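Visitor: For reference, the structure I am asking about is given below.
Laboratory data are not the source of any read-out in this text; all were calculated from the coordinates shown. Predicted model only: the values in this text are computed from it and were never measured. Ideal geometry is used to build each Cβ from the backbone, glycine not excepted, and the neighbour counts take in all protein chains shown.
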Amino acid sequence: MNNLIVDDQLFQWMKDIRAKIHRHPELAFTEFKTSSLIAQSLTELGIDYKTGIAKTGIVGRLIINKDYPTIALRADMDALPINEETELPFASVTCGIMHACGHDGHVAILLGAAAILKKNPPKCNVLFIFQPAEEGDGGALPMIEQGVLNGVDAIFGGHIDTRFQTGVIAIKQGVNSASTDTFEIEIKGRGGHCARPHETADVILIASQLVISLQSIISREIDPLQSAVISVGVFNAGDVHNAIAQKAVLKGSIRTTDPKIREKIKSRMNSHIKSLSNLYDIEISIRISEGYPPVINHDKAYEYARHTAIYMFGEKGYIEIKYPSLGGEDFAYFLEKVTGCFVRFGAQKSDIGYVDGHCGRFDFDEEVLRVGAMYFSELAHNYVNAL
């Protein structure tokens, strides 16, 4: 690994940026302090930028030659509604909000790449997209609608991942992650006294049967070689111990990587609900909200990203991800518009190992900031040769 292009001074600058963002995390579309810090950093680097895109988004512009191709590099910047448990010296000072998914690191990586590319300009133009609201609210789509991809020939993004060792770039060819639909089911029964259940339609019993019934769609109606999940995350019913509730609400998520499977699951959920509704002679309704589409890496961009990783870090510095993740990522919207690839930056700390990205104990090896900035800058430097 060539550390010369990310010297100790630049590395410390990146770590300081990460610490400031981590200490003051902000939720989706409220990343005002984060956006301000990014703008200040881009000004310091002498890079032009535009703010207020999709409310808090910001795009840096390194225009080398208008006749050159344009590559975009993206980092997300929102935090999660999680209480921090890391005891880091720069731990969140905002109760109930934490950068538990590494987006603070993503911002630092992209700013580091911007610093490298400003000092050593590539033979292409570069947009540095700092995106709000990746965690569920989807900041990518409104940024696209406001024109951030106009004139962009290719886009690349990455995510810190503590499943992999620091210094490793991991990439999945083709389908990378799942669609992220959500559902809400409301069951209206007949409440009553717990001592006379025969006079009621017990929504807790019916809802429990429905939870099991939905799981049978995955286990018995979907090809086991297909990736798919139905998860119920909320089950609300009842207020007191001696009464049978009149209403129950289930909320959850549907994760799939294939459009046909996605539609089949939705259809079968409606069928299962209709059957239970008829069986118990009660009203059951479902509302399914469409989430992010799957992230699908483009073949040419994937090959370029893979070759770049091997060129920089050697064969041992690259891992081919075998199976798509059932997590979601709104980078998918960018890939629906232009060619590109999404990668994983290994960042496991030796003292804590793997920690899930949505956990209050999440932390990563900061050496990944150096790795990510080097990788992004190399993608831009050699992109013109990949055309």
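Visitor: Looking at the chain as a GNM with Cα springs under 10 Å, which of Val338, Val234, Val148 has the largest mean-square fluctuation?
Guide: Val234
Visitor: Turning to a different aspect of this structure: Ranking Leu214, Leu369 by Cβ neighbours within 10 Å, fewest first, what do you get?
Guide: Result, fewest neighbours first: Leu214, Leu369.
Visitor: Restricting to bridges with both residues inside the chain, how much of the DSSP beta-bridge set is antiparallel, in percent to the nearest 5? It would help to have the intermediate numbers written out before the result.
Guide: Details: 45 of 69 bridges.
Here the share of antiparallel DSSP bridges comes out near 65 percent.
Visitor: Taking +1 at the Cβ of each Lys and Arg and -1 at the Cβ of each Asp and Glu, which of Leu45, Ile261, Gly357 sits farthest along the dipole of the chain towards its positive end, judged by Cα position relative to the Cα centre?
Guide: Toward the positive end, the furthest listed residue is Ile261.
Visitor: Among Phe29, Phe156, Phe130, which one moves the most in a GNM of the chain with springs linking Cα atoms closer than 10 Å?
Guide: Phe29
Visitor: Relative contact order of the chain: what whole-number percent is it, with Cα pairs under 8 angstrom and at least 6 residues apart?
Guide: 25 percent
Visitor: Measure off 7 Å from each Cα along the Cα-to-Cβ vector at Asp281 and Asn385, then give the distance between these two points in nanometres to one decimal.
Guide: Once both label points are built, they end up 7.6 nm from each other.
Visitor: Could you list which residues have their amide H under 5 Å from that of Gly167, counting only those 5 or more apart in sequence or on another chain, with H placed in the peptide plane?
Guide: Gly346
Visitor: Just Leu27, Leu149, Leu276 to compare: in a GNM of the chain, with alpha carbon springs under 10 Å, which one fluctuates most?
Guide: Among Leu27, Leu149, Leu276, the largest GNM mean-square fluctuation belongs to Leu276.
Visitor: Which of the pairs Lys55/Lys337; Lys33/Lys337; Lys118/Lys349; Lys251/Lys274; Lys20/Lys337 have their Cα atoms more than 25 Å apart in this structure? Don't skip to the answer; put the middle values down first.
Guide: Working: Lys55/Lys337 21 Å; Lys33/Lys337 30 Å; Lys118/Lys349 30 Å; Lys251/Lys274 17 Å; Lys20/Lys337 33 Å.
Those over the limit are Lys33/Lys337; Lys118/Lys349; Lys20/Lys337.
Visitor: Helix by helix, which DSSP H runs in the chain go 15 Å or more along their axis at the Cα atoms and have an average Kyte-Doolittle hydropathy of 0.0 or more? Provide the component values of the computation, followed by the final result.
Guide: Numbers: long enough: 8-23 (22 Å, -0.98); 32-45 (20 Å, 0.41); 103-119 (24 Å, 0.78); 203-221 (25 Å, 1.36); 259-280 (32 Å, -0.97); 299-313 (21 Å, -0.57); 367-386 (28 Å, 0.24).
Within the chain the helices that satisfy the rule are 32-45, 103-119, 203-221, 367-386.
Visitor: When the helices in the chain are scored as -39500 (n - 2.57) per DSSP H run of 4 or longer and the sum is shared across all residues, what 222 nm value do you end up with, to the nearest 500 deg cm²/dmol?
Guide: -11500 deg cm²/dmol, from helical runs alone.
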